[in-house]
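Visitor: Handing you a structure now.
The values are calculated or read from the model by the stated rules, or taken from the named source; none is laboratory data. Owing to the predicted nature of the structure, the values given are computational and were not obtained by experimental measurement. A quick note on method: Cβ atoms are made from the backbone with ideal geometry, for glycine too, and the neighbour counts reach across all protein chains shown. Accessible surface is based on the protein model in full, side chains and every heavy atom, while ligands, DNA and RNA are left aside. Shrake-Rupley method; radii C 1.70, N 1.55, O 1.52, S 1.80 Å.
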Amino acid sequence: MESQIREFAIQALRDEAQALLDVIPQLDEQFDQVVDMIYHSSGHVVVTGVGKSGHVGAKMAATLASTGTPAFFINPLDAMHGDLGMIMPNDIVLMISHSGNTDEMLRFMASLEERQIPMVAMTGDADSLMAHHANHHILVSVEKEACPLNLAPTSSTTATLAMGDALAIALMQVRHFEVNDFAMFHPGGSIGRKLITKVRDVMYTDNFPIIAPNVRLSDAIIDISRGKLGLGVVMENERVEGIITDGDIRRAVEGARENFFNLTVADAMTRNPKTIGPDAKLTQIQQMFRTHKIHSLLVLDNNQHLVGIVDYFAIMS
């Protein structure tokens with residue numbers, strides 16, 4: 001039995017992965033219409049469901065809300081005992097049920113129909129009562145559950161959760177939801193730090209390793225070592241002319257060999273180094289590091305004066 005345990009887990013993961021792939025062909029114009037309806041709505045998306053569907057719905061509402069679509073979760077039982085008043089006429093109710101015939105959900109639907117609240121049903125059965133009574137239906141049908149008894153909601157809940165993510169992501173794209181928008185909804189923790197922190201908050205501002213272009217490379221090594229950033233900023237008349245790194249010097253040594261001691265910084269430096277402004281966001285720095293495969297950025301103000309240096313290893317933790 002012990003030798004089979006991992007195989008049980010692998011099979012469950014394969015079943016759920018296949019269930020996700022099987023959902024893709026089920027996307028149709030109904031999905032497009034739901035995205036369009038939510039996008040043009042001035043109200044909230046009210047997500048509801050019972051049991052496992054309720055847990056999935058709560059996560060779905062949280063994902064929508066954090067990605068630019070106002071949303072909250074409501075338990076249909078609570079709704080029928082007073083919380084129905086939380087739902088306004090301009091809201092849209094997203095109802096989740098694998099069978100599409102859950103009693104609590106059907107009673108809830110009847111109340112919403114009386115108030116003419118738009119409803120979207122997300123079920124595993126296109127012929128279910130919920131599918132027929134909703135304004136729109138999103139089908140999430142799976143061939144079988146990952147549960148060996150084909151009873152416990154496993155593949156079906158995973159597929160429904162993924163469909164909710166697909167809905168949120170589609171809305172993000174339609175809304176042109178950007179990094180700065182995301183920052184407003186995630187001000188805490190490492191995500192908030194990356195999205196809100198500016199270059200001026202993390203840059204070095206003292207003891208810049210400034211080197212003149214006519215300095216010999218053999219002397220520049222000492223200046224670079226003192227700076228402890230693995231680089232020197234090549235400047236002349238208070239103007240940045242380039243940057244020289246440990247790597248530049250190593251390559252110069254390999255290329256010049258015995259002529260190395262006659263080389264100057266200008267012979268080995270990188271001209272037109274990558275720069276950034278002090279008000280840029282931390283996410284922009286990280287993107288530049290990844291794109292250009294560099295470990296340092298010079299920070300220049302609007303007058304192209306050096307005001308700081310940003311180091312990869314200091315901010316990429």
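Visitor: Name the residues whose placed amide hydrogens come within less than 5 Å of the amide hydrogen of Thr154, ignoring near sequence neighbours (fewer than 5 apart) on the same chain.
Guide: Ala146, Cys147
Visitor: Moving to a separate point now. Roughly speaking, what is the stretch gain from Asp78 to Arg115, that is 0.36 nm per residue apart minus the C-alpha to C-alpha distance, in nm to one decimal?
Guide: Between Asp78 and Arg115, full extension yields an extra 11.6 nm.
Visitor: Here's another thing I want to ask about it. So, in Å, what gap is there between the alpha-carbon centers of the range 22-51 and the range 252-291?
Guide: Centre-to-centre (Cα) distance: 50 Å.
Visitor: Ignoring ligands, DNA and RNA, what percent of the 1.4 Å accessible area of the chain is carbon and sulfur? Could the numbers behind the result be given before it?
Guide: Details: 9030 of 17410 Å².
Percent of accessible area from carbon and sulfur atoms in the chain: 52.
Visitor: What are the ³J(HN,Hα) couplings of the range 209-214, residue after residue, when phi is run through the Karplus curve with 6.51, -1.76, 1.60 and θ = phi - 60°? Round to Hz, x for glycine and proline.
Guide: x, 8, 9, 7, x, 8
Visitor: Which angle between 0 and 90 degrees, to the nearest 10, do you get for helix 155-175 versus the longest principal axis of the chain when only C-alpha atoms count?
Guide: Tilt of helix 155-175: around 60 degrees.
Visitor: Pull out the extension gain between Lys228 and Thr197, defined as 0.36 nm times the separation in residues minus the alpha carbon to alpha carbon distance; nm, one decimal.
Guide: So the chain would gain 8.8 nm between Lys228 and Thr197.
Visitor: While we're looking at this one, here's another question. Say we join alpha carbon atoms closer than 10 Å with springs in a Gaussian network model of the chain; which of Leu263, Leu231, Leu64 then has the biggest fluctuation?
Guide: Ranking Leu263, Leu231, Leu64 by mean-square fluctuation puts Leu263 first.
Visitor: Probe 1.4 Å, all protein chains in place: accessible area of Leu21 in Å², nearest 10?
Guide: For Leu21, solvent-accessible area is about 100 Å².
Visitor: Here is a further query. Given a cut-off of 26 Å, name the pairs among Lys59/Lys281; Lys59/Lys198; Lys52/Lys144 whose C-alpha atoms lie farther apart than that in the structure shown.
Guide: Lys59/Lys281; Lys59/Lys198
Visitor: Another question, then. For the chain, which longest stretch is free of loop sites, where a loop site is one of the trypsin sites (Lys or Arg not before Pro) that DSSP puts outside H, G, I, E and B and that has at most 16 other Cβ atoms within 10 Å?
Guide: Numbers: sites that count: Arg115, Lys144, Lys228, Lys274, Lys293.
Looking at the chain, 1-114 is the longest stretch - no exposed trypsin sites (Lys or Arg not before Pro) with at most 16 other Cβ atoms within 10 Å.
Visitor: For the range 46-125, run through the chymotrypsin sites (Phe, Trp or Tyr not before Pro) and keep only the ones in DSSP coil with at most 15 other Cβ atoms within 10 Å of their Cβ.
Guide: Hits after loop and neighbour filter: nothing returned.
Visitor: Can you tell me the accessible area per residue over the chain, all protein chains present, probe 1.4 angstrom, in square angstrom?
Guide: About 55 Å² of surface per residue is accessible.
Visitor: Here is a follow-up. Pairing the Cα long axis of helix 217-227 with the longest principal axis of the chain, what angle in degrees results, from 0 to 90 and rounded to the nearest 10?
Guide: It works out to around 50 degrees.
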